[in-house]
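Contents: one structure, followed by commentary.
Any read-out appearing in this document is the output of simple, stated calculations on the displayed coordinates, not a laboratory observation. What you see is a predicted model; the values in this text were computed from it and never measured. Cβ placement follows ideal geometry from the backbone for every residue including glycine, while neighbour counts extend to all protein chains displayed.
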């Protein structure tokens with residue numbers, strides 16, 4: 001069988017079926033037999049004086065040349081994960097893989113994941129992978145996903161949340177411009193839309209958003225090369241706020257810019273049985289509450305080399321506020337463990353002298369009293385108007 005080589009004009013003719021394509025500089029050619037591509041490659045190169053001949057895939061759009069690895073840690077979410085399945089199938093971006101990491105689930109999660117991965121048709125550009133491991137926590141599961149990831153970009157999703165149809169494409173479009181991290185808007189469980197300022201510098205972005213959800217993991221797309229070059233992994237000794245610590249480490253390693261989109265990329269759902277909420281759900285004390293204080297103090301120490309004294313003062317105040325909140329929650333849950341209280345107090349003292357803790361305590365109390373007084377005055381004036 002002979003072969004033909006022709007210039008392809010999209011407006012002049014429809015694209016033939018079952019053909020191979022090659023790109024030589026800015027010219028697109030159709031090879032009327034895919035099996036002959038390798039044979040005709042030298043001929044076309046000599047004909048046009050170019051050796052830069054690359055196969056093209058008609059199923060992947062030009063802006064989808066970079067592959068995304070979506071990492072989903074799963075533990076006992078068999079009844080909660082269906083919305084995520086549905087949102088993944090609706091993605092308008094094609095070149096991605098989804099890595100489900102079953103972290104030793106004891107319900108039907110593994111069967112549900114196997115059914116989904118076997119039922120969905122994987123292709124050369126959209127793959128569904130399943131990793132099984134013993135229970136080691138969400139940090140361990142995410143690390144397993146990072147070890148297996150093949151994509152240029154990394155996107156983390158919690159198994160009980162879901163995405164919008166253009167979540168991957170919107171963030172990938174920003175990443176393809178050369179940014180180190182792309183940030184999107186997300187919808188939290190309180191019914192609030194959390195958006196972020198369009199700040200390109202990583203340090204300035206952290207400074208402006210540290211206390212406003214800027215360290216959340218799941219509304220950001222990361223560059224895998226930065227993660228691997230700096231040997232970044234999640235700390236498996238921390239069970240709560242481990243994502244904040246990872247994100248802070250990544251931001252401090254990033255030397256490029258940040259791109260922010262106002263598109264809502266993530267729908268966060270409250271899982272009452274996650275470690276971060278299980279204490280309030282069950283009404284029993286969990287020792288993992290202290291991890292949020294440990295993570296916040298470690299993040300502060302990381303930022304000491306970057307930020308000015310006024311900024312660090314605000315970071316210490318935010319950390320102290322988190323410390324007081326954890327103490328209060330432990331007290332409400334009738335925690336009698338002195339080791340717990342002593343450990344988080346010692347951690348706070350490692351970044352804050354006692355005199356500053358007293359000042360912050362007074363500042364916090366004055367803020368509470370001021371807010372209470374304002375509410376009472378508002379109620380008084382409202383009753384007088386009636």
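How many residues, within region 217-243, are out of contact with any helix residue (DSSP H, G or I) (no Cβ under 7 Å at 6 or more places or on another chain), under 17 Å from residue 291 (Cβ atoms) and part of a loop (DSSP other than H, G, I, E, B)? Residues that pass the stated criteria total 1.
I'd like the full set of residues that are closer than 24 Å to residue 161 by Cα and touching a helix residue (DSSP H, G or I) at 6+ places or on another chain (Cβ under 7 Å), limited to region 182-215. Scanning region 182-215 gives 182, 184, 196, 197, 210, 211, 214, 215.
When residues in region 113-158 are screened for being in contact with a helix residue (DSSP H, G or I) (Cβ under 6 Å, 6 or more places away or on another chain), in a helix (DSSP H, G or I) and farther than 17 Å from residue 236 by Cα, 1 of them pass.
Collect the residues in region 331-355 that are crowded, with 16+ Cβ neighbours inside 10 Å and touching a residue at least 24 places away in the same chain (Cβ under 8 Å), keeping them in residue-number order. Listed by number, the residues that qualify are 335, 340, 344, 347, 348, 351, 352.
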